[in-house]
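Take a look at the structure set out below.
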Amino acid sequence: MDLEQLFSENKEKSIFGRYLTLESIEPLLEKMNTDNQLSIIGKSVLEKPIYKYQIGAGKIKILLWSQMHGNESTTTKGLFDFLNLLNSGSGLAVQLLDSFTFYCIPMLNPDGAKLYTRLNANEIDLNRDSQSLTQPESIVLREAFESFKPDYCYNLHDQRTIFGVGSTGKPATMSFLAPSYNEEREINESRSKAISLIAGINNVLQRYIPNQVGRFDDSFNINCIGDTFQALGVSTLLFEAGHFSGDYQREETRKYVFTALVSSFAILSENDIVDNGINIYLNIPQNKACFYDFIYKNVKLNYDGIEKITNFAAQYKEELIENEIRFNAYIVEIGELEGYHGHFEYDAKEAKYKDEFGEFPKLNQKADFYLENSIKFVNGLIKK
């Protein structure tokens, strides 16, 4: 199976970039609603509809939800690419629809998506509300779980650019977790099935993004939805879509979300569970916070007349301005930065730093500065 070609054939070109709102996806859902697959299953805090799209008639039941955190849209794009495949009429689509029933909630948090925030309109993290169920969105998801009675749950998220894969020096483009079901992080039947499935996904992804697949921390927190569903005996997989070099819009990463979805369902439909899955899973390096968006090395700084050669880092903030996500770089760390990598690195070779305020960078100021009064950096990058 040529997964790259399959992605190219099914990519939903009408959605692009990081800012994905309910208004972005409603036309797509209506277009796909050819046989009453679409329905409204609840409302958000601000009374926005929460949709489910159900397709397939197979005995294996899959519950998938995305944008539980409103500013995590990459998996939503990958999910629509996958739905295009299911609606393509291809042999693979027929096979999947015969094997599975897919219950998809493409945007659980439409209010957060509109505001481009992790939280919902009440400023609650829905992924910490699985026990208290204080929010309407949390109740919608729990009711979907209880009524549908899935065999597998897919909890679809994004992660920040700060994460790398262990000590590889590579960004964590995709990371996965089979959540724990108890404090001891033991492995029971439901967790074992999720682990083996992730091992199979990893085997496929290593062909496309070698050393760029990470394993998310499995500390137990019953307030997290994945831990709750795993504790209730349903095999649950966490997807975390991360950074691919130069891909801040995550148009490349969405391909690997699609690849992971397709390969996982191919494995399940063909009962092609990998041997020694637990060892493969445990050998996936853990996610590690070891990246900045920008690192500037060997810079000469002048602080109160004292000169020293050191490094500093800058990080993008994703800011919603006039319905557009703008990536604005701010200085976040000054020092040796041992063990850290930059998605963009620049060796100043002891060139002198200067900005409009002085000769020493200040934390949380915009990354606009000069080196040796000749090389100008604007928003973190060299201005040509």
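The values are calculated or read from the model by the stated rules, or taken from the named source; none is laboratory data. Computed from a predicted model, the values in this text were never measured in an experiment. We place every Cβ from the backbone using ideal geometry, glycine too, and count neighbours over all the protein chains shown.
Computed values, structure above
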| quantity | calculated |
| --- | --- |
| Residue ranges of strands (runs of 3 or more DSSP E) in segment 23-141 with at least 3 members surrounded by fewer than 18 Cβ atoms within 10 Å (Cβ to Cβ) | 38-43 |
| Residue in segment 191-209 that is assigned to a loop (DSSP other than H, G, I, E, B), charged (D, E, K, R) and free of Cβ contacts under 8 Å to residues at least 40 places away in the same chain present | yes |
| Near pairs, Cβ below 7 angstrom, 6+ apart or cross-chain, from segment 81-109 (outside the structural domain of residue 157 (by TED's automatic domain parsing)) to any residue that is surrounded by fewer than 19 Cβ atoms within 10 Å (Cβ to Cβ) and hydrophobic (A, V, I, L, M, F, W, C) | none |
| Close pairs (6 angstrom Cβ cut-off, 6 or more residues apart or separate chains): touching a residue at least 12 places away in the same chain (Cβ under 8 Å) and assigned by TED's automatic domain parsing to the domain that holds residue 263 in segment 1-17, surrounded by 11 or more Cβ atoms within 10 Å (Cβ to Cβ) and among the basic types (Lys, Arg) anywhere | 7/255; 15/77 |
| Failed item in (1) surrounded by fewer than 22 Cβ atoms within 10 Å (Cβ to Cβ); (2) touching a Phe, Trp or Tyr at 6+ places or on another chain (Cβ under 8 Å), with residue 203 passing the rest | (2) |
| Scan of segment 1-27 for residues that are out of contact with any helix residue (DSSP H, G or I) (no Cβ under 6 Å at 6 or more places or on another chain), at pLDDT 95 or above and under 20 Å from residue 97 (Cα atoms), ordered by number | 6, 9 |
| Residue within segment 255-272 that is under 13 Å from the mean Cα position of the chain (by Cα), aliphatic (A, V, I, L, M) and buried (at least 23 other Cβ atoms within 10 Å of the Cβ) present | yes |
| Residue in segment 161-190 that is surrounded by the most Cβ atoms within 10 Å (Cβ to Cβ), counting only those that are of a type in the set (Val, Ile, Thr) and assigned to a loop (DSSP other than H, G, I, E, B) | 173 |
